[in-house]
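The values are calculated or read from the model by the stated rules, or taken from the named source; none is laboratory data. Here the structure is a predicted model, which is why all the values come from computation and not from measurement. Heads up, the Cβs are rebuilt from the backbone with ideal geometry, glycines too, and the neighbour counts pull from every protein chain shown.
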Amino acid sequence: ARVKETDLAAYAHQDLPFERLVEILNPARSMARHPLFQVVLSFQNNPEARLELDGLTGGAEPLPSGVAKYDLSLYLQERHSDDGTPGGIEAALEYALDLFDPDTAVSIADRFERLVRALVADPDAPIGAADVLDRTERRTLLRRWAGGRAPDAERTTIPALFEARAAERPGAVAV
């Protein structure tokens, strides 16, 4: 409800030019990054703009700049067939080459796809139940990085883990 209320309030000001928003907020400036955010998720579900004239059809064509505007951008575009039936969603991932290598970008895209597939397969499941890691990533995370000690997520809570660790080393600094 809070997110919905915040979003609706933002829509009330959607005509405010972005440059004016930056001017009002006056964030600390750096040539190394965007002043307000570094990650973009864009979902376009508006019909494609087309111009139909006698013997001529016009439409938008992507014009890649070859440079990422933000550190990481995921663009999703809803597609429809000629008769208007849903034709799926096309995705494009754009990333800053000085921050991400191609393998990392592919991994991010794979995880997003895995998340979406899990949510679509069981829309009533809590979003946290969707698994974004593949078997290899999970094995690396639980065996190698966690030292082979993986908590039983079904029966363990974060406060319980904290209490157990505090009981193991009561004199240790907590934070």
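Yes/no matrix, rows are residues, columns are (1) surrounded by 10 or more Cβ atoms within 10 Å (Cβ to Cβ); (2) without any contact (Cβ under 8 Å) to a residue 24 or more places away in the chain:
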{"site": "VAL3", "(1), (2)": "no, yes"}
{"site": "TYR11", "(1), (2)": "no, yes"}
{"site": "ASP15", "(1), (2)": "no, yes"}
{"site": "PHE18", "(1), (2)": "no, yes"}
{"site": "ILE24", "(1), (2)": "no, yes"}
{"site": "MET31", "(1), (2)": "no, yes"}
{"site": "PRO35", "(1), (2)": "yes, yes"}
{"site": "VAL40", "(1), (2)": "yes, no"}
{"site": "PHE43", "(1), (2)": "yes, no"}
- Message: Pull out all pairs, ordered by first then second residue, where Cβ-Cβ is under 7 Å, the residues are six or more apart or on different chains, the first lies in the stretch 75-91 and is under 27 Å from VAL39 (Cβ atoms), and the second is at pLDDT 90 or above and hydroxyl-bearing (Ser, Thr, Tyr).
- Response: TYR75/SER42; LEU76/SER42; ALA91/TYR75
- List every residue pair whose Cβ atoms sit under 7 Å apart, with the two residues 6 or more apart in sequence or on different chains, where the first one lies in the stretch 124-135 and is more than 17 Å from ASP110 (Cα to Cα) and the second, anywhere, is surrounded by fewer than 10 Cβ atoms within 10 Å (Cβ to Cβ). none
- Task: Spot the failing condition for GLU90; the list is (1) assigned to a strand (DSSP E or B); (2) over 30 Å from ASN46 (Cα atoms), and only one is missed.
- Result: (2)
- Query: When THR57 is evaluated against the numbered criteria (1) of a type in the set (Val, Ile, Thr); (2) within 26 Å of VAL120 (Cα to Cα); (3) surrounded by fewer than 10 Cβ atoms within 10 Å (Cβ to Cβ), which criterion, by number, is the only one it fails?
  - Reply: (2)
- Message: Residues to consider are PRO102, PRO86, PRO123; find the one that is touching a His at 6+ places or on another chain (Cβ under 8 Å) and loosely packed, with under 11 Cβ neighbours inside 10 Å.
- Response: PRO86
- Scan the stretch 127-155 residue by residue and report those that are exposed (fewer than 12 other Cβ atoms within 10 Å of the Cβ), modelled with pLDDT of 75 or more and either in a loop (DSSP other than H, G, I, E, B) or β-branched (Val, Ile, Thr) (or both). ILE127, THR136
- Task: Having 2 or more residues that are under 17 Å from PHE100 (Cα atoms) and at pLDDT 85 or above is the bar; report the strands (runs of 3 or more DSSP E) wholly within the stretch 23-86 that clear it.
- Result: 39-44, 72-80
